[in-house]
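These notes are about the structure you will find just below.
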Ligand SMILES: Cc1ncc(COP(=O)(O)O)c(C=O)c1O
């Protein structure tokens with residue numbers, strides 16, 4: 001718990017109602033028309049601009065396979081979400097990381113310079129970025145879109161917690177693909193639901209790489225139900241954002257260096273990693289520690305409930321003071 005940037009509040013689904021529409025012997029509608037129409041209305045796009053998947057990880061993979069060929073260059077910043085590299089390696093692509101220095105602010109001028117020089121096929125941006133929580137301003141993404149012919153994926157997995165979406169620009173920029181998930185703000189990680197939003201022509205190519213029936217009928221029913229009850233989701237997001245601000249102000253008071261986050265997690269620096277690891281595991285908590293040299297002294301803490309956050313803050317403080325949690 002507190003390691004995978006999950007939502008501490010599970011989505012509230014009216015399961016009894018949902019189950020009456022599930023026929024275990026039947027495949028889901030492979031076009032997902034009802035779900036696409038409802039989702040399209042909710043986010044104000046057309047259903048032909050959507051490709052759905054078994055989590056956004058799967059959609060990311062279909063998108064990379066649809067838009068690039070093996071040996072094409074794909075570029076992203078580092079540090080960022082590790083799946084980008086893993087999927088590019090599966091594709092046998094050349095994955096290039098533009099390494100950022102602390103505090104790891106994404107530098108779009110550097111990205112444009114790189115793109116002009118090396119002509120990558122695809123650029124992947126994570127906004128807000130995992131694991132730093134930093135955001136890229138909308139104007140900077142537009143600057144990139146206007147100065148490259150590469151496809152640009154903007155992974156907005158954490159956009160419900162902060163930052164500005166570039167979703168309204170999918171018609172204007174044919175090279176833009178936005179990825180979203182219901183695993184973070186919507187508290188539905190267990191059911192695996194994510195989607196890509198892009199121009200009709202890009203979506204047709206992405207759809208050609210997805211397996212039929214890739215979203216199961218329980219997920220379809222639950223997402224349809226959830227789309228009728230979005231107020232509770234919004235309240236949960238607000239609680240998490242309030243907790244983020246509170247925890248950051250406590251870290252500030254404790255003189256613990258951290259990177260200002262716009263996600264549902266905080267990347268902070270610990271002077272006593274081994275003690276912290278031990279205290280967390282004694283209390284059945286976990287956090288994300290990094291092997292990567294540039295993040296070696298950092299820990300990523302996924303925000304939990306107020307009570308969980310307080311317990312963890314106590315442990316962090318105890319470790320920083322050089323003593324074990326009691
Ligand atoms: C930036 C980012 N994108 C995508 C995902 C995966 O989302 P999903 O659960 O929809 O596969 C994660 C999960 O941690 C993530 O951090």
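At a glance:
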| read-out | value |
| --- | --- |
| Meets criteria (away from the ligand (no atom under 16 Å from the Cβ), touching a strand residue (DSSP E or B) at 6+ places or on another chain (Cβ under 8 Å) and either under 22 Å from residue 238 (Cβ atoms) or part of a helix (DSSP H, G or I) (or both)) for residue 4 | no |
| Matching residues, the stretch 267-296, being closer than 16 Å to residue 3 by Cα, part of a helix (DSSP H, G or I) and touching a residue at least 12 places away in the same chain (Cβ under 8 Å) | 273, 276, 277, 278, 279, 280, 282, 295 |
| Odd one out for residue 24, checked against (1) assigned to a loop (DSSP other than H, G, I, E, B); (2) within 15 Å of the ligand (Cβ to nearest atom); (3) at pLDDT 95 or above | (2) |
| Output for the stretch 297-321, where each listed residue is without any contact (Cβ under 8 Å) to a residue 60 or more places away in the chain and touching a helix residue (DSSP H, G or I) at 6+ places or on another chain (Cβ under 8 Å) | 297, 299, 315, 318, 319 |
| Given (1) in contact (Cβ under 8 Å) with a residue 40 or more places away in the chain; (2) part of a helix (DSSP H, G or I), index of the condition residue 213 fails | (2) |
| Residue in the stretch 160-173 that is within 29 Å of residue 46 (Cβ to Cβ), within 11 Å of the ligand (Cβ to nearest atom) and touching a helix residue (DSSP H, G or I) at 6+ places or on another chain (Cβ under 6 Å) present | no |
| Residues of the stretch 221-238 satisfying the condition of being in contact with a helix residue (DSSP H, G or I) (Cβ under 8 Å, 6 or more places away or on another chain) and either surrounded by 19 or more Cβ atoms within 10 Å (Cβ to Cβ) or part of a helix (DSSP H, G or I) (or both) | 221, 222, 223, 224, 225, 226, 230, 233, 237 |
| Whichever residue in the stretch 179-205 is away from the ligand (no atom under 14 Å from the Cβ) and in a loop (DSSP other than H, G, I, E, B) and, among such residues, is farthest from residue 43 (Cα to Cα) | 199 |
| Near pairs, Cβ below 6 angstrom, 6+ apart or cross-chain, from the stretch 74-94 (assigned by TED's automatic domain parsing to the domain that holds residue 154 and closer than 16 Å to residue 115 by Cα) to any residue that is within 15 Å of the ligand (Cβ to nearest atom) and in a loop (DSSP other than H, G, I, E, B) | 77/106 |
| Subset of the stretch 37-71 (residues that are at pLDDT below 95 and at negative phi) | 69, 70 |
| Residues of the stretch 33-56 that turn out to be away from the ligand (no atom under 15 Å from the Cβ) and not in a helix (DSSP H, G or I), as a count | 3 |
| Some residue of the stretch 202-215 being farther than 30 Å from residue 21 by Cα and at pLDDT 95 or above | yes |
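The values are calculated or read from the model by the stated rules, or taken from the named source; none is laboratory data. Predicted, not measured: the structure shown is a model, and the values here were computed from it. In this analysis, Cβ positions are derived from the backbone assuming ideal geometry, glycine residues included, and neighbour counts consider all displayed protein chains.
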